[in-house]
Amino acid sequence: MEDSKKAKRVINTLTGPWEKRNLPKIASALPKWVNPDHLTILGILAAFIIAISYWLTWYSIWWLWLTNFGLFLHWFADSLDGTLARVRHIEREKYGYFVDHICDTWTMFVSCLGIGLSPLMHISVAMLVAVSFFLLSTYVYIASYCLSVFRLSYGRLGPTELRILIFALNVLLFFWNPAFIAFGSIPVTIPDISGFVVSGVFIAIFIVRSIRDAIKLDREDRFKLTKS
């Protein structure tokens with residue numbers, strides 16, 4: 001993608017100021033033998049930890065604490081791989097952009113599959129969350145090419161805030177996870193409801209922003225044609 005290097009990175013989140021101030025310090029403190037690729041691999045391993053520990057809740061709800069450890073580990077790796085490259089001035093723009101977002105896609109799929117195969121969430125709801133995330137991601141990547149804007153946050157919420165919300169939900173589920181009865185005899189849990197809400201938000205953002213930006217691009221192109 002010729003534009004990922006030129007696209008303006010937009011991220012305005014609740015945790016953004018703290019991360020902007022502290023992530024470079026953490027990256028600078030890492031041992032010299034640690035490089036961005038090591039952190040990328042760590043992020044992939046964290047995704048498997050999240051998925052497997054969710055599945056293991058069939059045997060004990062205590063595995064949710066390992067899930068939360070995986071979430072922290074993924075935040076650490078995903079937040080610091082690019083930061084470390086920038087701090088050491090070893091950025092590889094196209095490679096970093098490609099690998100980072102391929103890994104993000106893989107992480108979301110594996111994590112959703114893990115919770116979908118657990119007793120916590122129906123697999124259909126988990127896959128709906130994954131598909132809605134992929135829709136929004138597709139919009140982000142296309143917009144970075146067509147609009148030169150690479151947006152990573154919406155309504156002051158971004159990847160870190162999403163992890164924090166999942167972390168908090170896991171803590172809640174450890175202590176309280178009632179099954180609400182709906183749709184006949186099919187039990188609907190708190191994770192199911194949360195999954196529907198998150199999916200609905202992702203899909204709504206995708207639809208609204210896609211239509212808005214299509215209209216904007218259409219007007220810009222029409223204006224250029226009238227000037228030519």
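The values are calculated or read from the model by the stated rules, or taken from the named source; none is laboratory data. No experiment lies behind these values; they were computed from the predicted model shown. Every residue, glycine among them, receives a Cβ derived from its backbone with ideal geometry; neighbour counts consider all protein chains shown.
Data overview
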item	result
Selection status of SER79, modelled with pLDDT of 95 or more and among the small types (Gly, Ala, Ser)	no
Members of segment 74-95 found to be closer than 29 Å to TYR145 by Cβ and under 16 Å from the mean Cα position of the chain (by Cα), listed by number	HIS74, TRP75, ALA77, ASP78, SER79, LEU80, ASP81, GLY82
Filtered residues of segment 86-120 (kept if of a type in the set (Ser, Thr, Tyr) and touching a residue at least 40 places away in the same chain (Cβ under 8 Å))	TYR97, THR107, SER111, SER118
Total residues in segment 180-214, condition among the acidic types (Asp, Glu) and either modelled with pLDDT of 95 or more or over 26 Å from ILE164 (Cα atoms) (or both)	1
Residue, nearest to ASN170 (Cα to Cα), within segment 193-225, restricted to residues that are of a type in the set (Phe, Trp, Tyr) and surrounded by 13 or more Cβ atoms within 10 Å (Cβ to Cβ)	PHE196
Total residues in segment 68-85, condition free of Cβ contacts under 8 Å to residues at least 60 places away in the same chain and either of a type in the set (A, V, I, L, M) or outside any helix (DSSP H, G or I) (or both)	5
Total residues in segment 137-171, condition part of a helix (DSSP H, G or I), small (Gly, Ala, Ser) and in contact (Cβ under 8 Å) with a residue 12 or more places away in the chain	3
